[in-house]
Amino acid sequence: MTPGKAAIIYHSGAGRGHATQLVQPTDRRLIAAGWRMVESARTQYAGHARDKLAPSLADRVDLIIVIGGDGTLREVCSGLCQVSSRIPIGFVPTGNANVVAREQQIPLQPGPAIDLLTTGKVNPLDVGMLRTHSEAAHAVFFLAMLEIGFGARVVQLTHRLRSGALNAIYRRWGDTVYAAAAVGALASPSEPLFRFYRDNAVEARHARAAIIANTRCYAKGWSMAPDARMDDGRLDLVARQRSSPGIILRAFHAAARARRPPTAFSLYKKGQRFIFGSETPMTVQMDGDPLPALKWMEVIVAPGRLRLITPQ
């Protein structure tokens, strides 16, 4: 990239507070490469980067650097998409899962990640779009995945635990809190049946759990959709049609080995558009964040909407 104007958006709570410490080294590295730093902005509340910071920078800079986790990256990408901006984004990952960084082989160590900002290439990547009712004027964007069922319940329980008595444990040992939530969800699995349509299909299929994936990476080394790619213009649907603790464990065991789940109780499809519906509200998570229960949603791929700096 030809150096121009750049800005940093960082989440001070990410990486146990380490994100704040990386602002100055990032700033110095970009200045040394010929960039003019316009602003360093700290996110102050959920949605701040999406609704205020990213849109306000869209016509002022040529590059935005995100220091934070997947959630902060998603907010910046969403804010730019809302104003139809194609500004490249550099990413210094400091979150817990760092799904997008793992997927695109962006270094998880701060030093190499900062170096990549000036040595990498701008890669156009797909994002997912979610509408929660048919008349919705605006879509919600996601980068990695949308999930219905057991995995979404785990995320929901984790969010409750990390917001309460286990917050301090989560900040140090986040995986422990996820494991506790998984045990709690497995002890009382509840996965109501829902229907879905792929692309232009007129006949519905049914399932009790599903993941609509834009990335292979689901968690640290796990893969629910091992054939997913962020640059193929499609989303991968993995739908589980039966539910029991044993079947759930078999599905997640396959994910831990980065393999497709057994076809005896699941199906794997690629598509550009999916519609889901249920009379019973569906438990849903998006990129590791819980969503309100939904009875209808439309999921569409938006090819090449994220322009991310990745290794050459």
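The values are calculated or read from the model by the stated rules, or taken from the named source; none is laboratory data. Since the model is a prediction, treat every value here as computed from it, not as a measurement. Don't worry about glycine lacking a Cβ; one is built from the backbone with ideal geometry, like all the others, and counts go over all protein chains shown. Note: accessible area is taken over every heavy atom of the protein model, side chains too, but ligands, DNA and RNA are not part of it. Shrake-Rupley method; radii C 1.70, N 1.55, O 1.52, S 1.80 Å.
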Inset, instruction - Only residues that are over 25 Å from Val202 (Cβ atoms) and surrounded by fewer than 18 Cβ atoms within 10 Å (Cβ to Cβ): list them for the stretch 282-302, please. - result: Asp289, Pro292, Ala293
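So how many residues does the stretch 226-243 have that are open to solvent by less than 40 Å² (accessible area, probe 1.4 Å) and part of a loop (DSSP other than H, G, I, E, B)?
Counting residues in the stretch 226-243 that are open to solvent by less than 40 Å² (accessible area, probe 1.4 Å) and part of a loop (DSSP other than H, G, I, E, B) gives 4.
Residues checked against (1) open to solvent by less than 20 Å² (accessible area, probe 1.4 Å); (2) out of contact with any His (no Cβ under 7 Å at 6 or more places or on another chain); (3) within 25 Å of Gly128 (Cβ to Cβ); (4) not in a helix (DSSP H, G or I):
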site: Asp27; (1), (2), (3), (4): no, yes, no, no
site: Ser40; (1), (2), (3), (4): no, yes, no, yes
site: Asp59; (1), (2), (3), (4): no, yes, no, yes
site: Val66; (1), (2), (3), (4): yes, yes, yes, yes
site: Leu73; (1), (2), (3), (4): yes, yes, yes, no
site: Cys77; (1), (2), (3), (4): yes, yes, yes, no
site: Leu80; (1), (2), (3), (4): yes, yes, yes, no
site: Gly90; (1), (2), (3), (4): yes, yes, yes, yes
Inset, instruction - Return the total of residues in the stretch 226-255 being at pLDDT 95 or above and aliphatic (A, V, I, L, M). - result: 6
Legend entry - Filtered residues of the stretch 247-280 (kept if in contact (Cβ under 8 Å) with a residue 12 or more places away in the chain, farther than 18 Å from Gly128 by Cα and among the charged types (D, E, K, R)): Arg250, Arg259, Arg260, Glu279
Inset, instruction - All but one of (1) free of Cβ contacts under 8 Å to residues at least 60 places away in the same chain; (2) among the β-branched types (Val, Ile, Thr); (3) more than 23 Å from Ala139 (Cβ to Cβ); (4) in contact with a Ser or Thr (Cβ under 8 Å, 6 or more places away or on another chain) hold for Val38, so report the exception by its number. - result: (4)
Legend entry - Looking only at the stretch 202-225, and only at residues there that are open to solvent by 30 Å² or more (accessible area, probe 1.4 Å) and touching a strand residue (DSSP E or B) at 6+ places or on another chain (Cβ under 9 Å), the one that is nearest to Gln285 (Cα to Cα): Tyr218
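Would you tally the residues in the stretch 257-312 being part of a loop (DSSP other than H, G, I, E, B) and of a type in the set (Gly, Ala, Ser)?
The first filter runs over the stretch 257-312 and keeps only residues part of a loop (DSSP other than H, G, I, E, B), leaving 257-265, 272, 287-288, 311-312.
Subset that is of a type in the set (Gly, Ala, Ser): 258, 264, 288.
Result for the stretch 257-312: 3.
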Inset, instruction - Can you tell me which residue within the stretch 92-128, out of those that are closer than 23 Å to Asp227 by Cα and in a strand (DSSP E or B), is most open to solvent (accessible area, probe 1.4 Å)? - result: Pro124
Inset, instruction - Might you check whether a residue that is in contact (Cβ under 8 Å) with a residue 60 or more places away in the chain, under 15 Å from Phe141 (Cβ atoms) and aliphatic (A, V, I, L, M) occurs anywhere in the stretch 50-60? - result: no
Inset, instruction - Search the stretch 181-193 for residues that are in a loop (DSSP other than H, G, I, E, B) and open to solvent by 30 Å² or more (accessible area, probe 1.4 Å) and pair each with any residue that is at pLDDT 70 or above and among the hydrophobic types (A, V, I, L, M, F, W, C) when their beta-carbon atoms are under 9 Å apart and the residues are at least 6 apart or on different chains. - result: Pro189/Phe150; Pro189/Ile248; Ser190/Phe150; Pro192/Met282; Leu193/Ala207
Legend entry - Single residue of the stretch 90-123 satisfying the filter (β-branched (Val, Ile, Thr) and over 17 Å from the mean Cα position of the chain (by Cα)) that is nearest to Tyr10 (Cα to Cα): Ile114
Inset, instruction - Consider only pairs whose beta carbons are under 9 Å apart and that are at least six residues apart or on different chains; among these, list those whose first residue lies in the stretch 123-144 and is farther than 24 Å from Thr310 by Cβ and whose second residue is at pLDDT below 85 and open to solvent by 30 Å² or more (accessible area, probe 1.4 Å). - result: Arg131/His138
